[in-house]
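The values are calculated or read from the model by the stated rules, or taken from the named source; none is laboratory data. Because the structure is a prediction, the values reported are computed rather than measured. Cβ placement follows ideal geometry from the backbone for every residue including glycine, while neighbour counts extend to all protein chains displayed.
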Amino acid sequence: KEKLAVHARVAPLGSRFVLVLVEDHTEAKRVEAIRRDFVANVSHELKTPIGALSLLAEAVLGASDDPEAVRRFAGRMLDEAARLSSLVQEIIDLSRLQGDDPLRHASPVSIDDVVAEAVDRSRALAQAKCIELVSGGEEGLRVLGDENQLAMALGNLVENAVTYSPEHTRVAIGVRRVGDLVEISVTDQGIGIPETELQRIFERFYRVDKARSRSTGGTGLGLSIVKHVAANHGGEVSVWSVEGQGSTFTLRLPLVATSAAPAESTKTSA
Ligand code: ADP
């Protein structure tokens, strides 16, 4: 379907040789289209909270003789400002993840630490909804990568699991080793995702239910961030879900090759 745009340049090299340069412009065009699309989406997404903020500011001005109404509108302005700020932060995160050298700070990262950090981030939200947050599985596994990126990715999966689950349910994070890979799964007993939407949820700004996602503060960028972090680490993310029953998101990442000697014996021999 795609038109191939190939540009050839011919440069004479003395009397017997000719240098032919062939450049494929298809990829450059595709990247440019993605960039334009992204800018259009960002502008659209930023307009919503900015529009809400101006309406609320007008409401505050109109209600200056009613202190209770002013307080209520001001509270909603703070919510919108927080939403705007998390949207901008996620846009920055995503653009860094897509940068030229997204794994600048690669070093061996403990999966135990990544899981603990991700769980910590959602603890308050889970407590408020009486959701049991449990983690378990194989310990001591390490991957080569960026701890901040990995904690952000797993943090997004755990936060989604808690956000899209009703009260008094359970979210379980499991770690297991499968050959050269570590599998980190996040399973919830939440609302699930319709089969027809499963393909699209990793796209930027895609939300199954825009109105509901907005009321829960969602930006539609969380899973796109997870996808890029997984790819940066040579891994992948997948989803299994049954609508009305729950979902499992699984991150698969290549493990750091472990040395034959256990940690203790390394210490004593040093
Ligand atoms: P958002 O900021 O809206 O949560 P994400 O990119 O993290 O954006 O997720 C995209 C959409 O996928 C969400 O709007 C939601 O509809 C759906 N989704 C993600 N995780 C879950 C989950 N654990 N259970 C049900 N739906 C989910």
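The table below lists the values:
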{"quantity": "All positions within the stretch 159-168 that are in contact with a Lys or Arg (Cβ under 7 Å, 6 or more places away or on another chain) and assigned to a helix (DSSP H, G or I)", "calculated": "159, 162"}
{"quantity": "Where residue 167 falls short, out of the listed (1) farther than 19 Å from residue 94 by Cβ; (2) among the charged types (D, E, K, R); (3) within 8 Å of the ligand (Cβ to nearest atom)", "calculated": "(3)"}
{"quantity": "Selection status of residue 70, part of a helix (DSSP H, G or I) and β-branched (Val, Ile, Thr)", "calculated": "yes"}
{"quantity": "So residue 23, is it outside any helix (DSSP H, G or I) and either more than 16 Å from the chain's Cα centre (by Cα) or modelled with pLDDT under 95 (or both)", "calculated": "yes"}
{"quantity": "Residue selected from the stretch 43-65 under the condition exposed (fewer than 12 other Cβ atoms within 10 Å of the Cβ) and part of a loop (DSSP other than H, G, I, E, B), by the criterion nearest to the chain's Cα centre (by Cα)", "calculated": "64"}
{"quantity": "Pairs with Cβ under 9 Å, 6+ apart, first in the stretch 235-252 and farther than 14 Å from residue 184 by Cα, second assigned to a strand (DSSP E or B) and modelled with pLDDT of 95 or more", "calculated": "241/247; 241/248; 241/249; 246/187; 246/188"}
{"quantity": "Filter result for residue 176 (closer than 12 Å to residue 246 by Cβ, modelled with pLDDT of 95 or more and more than 9 Å from the ligand (Cβ to nearest atom))", "calculated": "no"}
{"quantity": "Pair list, Cβ < 6 Å and 6+ apart or interchain, from the stretch 66-78 residues that are of a type in the set (Phe, Trp, Tyr) to residues that are assigned to a helix (DSSP H, G or I)", "calculated": "73/56; 73/59; 73/60"}
{"quantity": "Qualifying residue in the stretch 132-152 (condition: surrounded by 23 or more Cβ atoms within 10 Å (Cβ to Cβ) and under 24 Å from residue 169 (Cα atoms))", "calculated": "no"}
{"quantity": "Close pairs from the stretch 84-97: first closer than 22 Å to residue 53 by Cα, partner aliphatic (A, V, I, L, M) and not in a helix (DSSP H, G or I), Cβ under 6 Å, at least 6 apart", "calculated": "90/221"}
{"quantity": "Single unsatisfied condition, residue 266 versus (1) more than 16 Å from the ligand (Cβ to nearest atom); (2) modelled with pLDDT of 90 or more", "calculated": "(2)"}
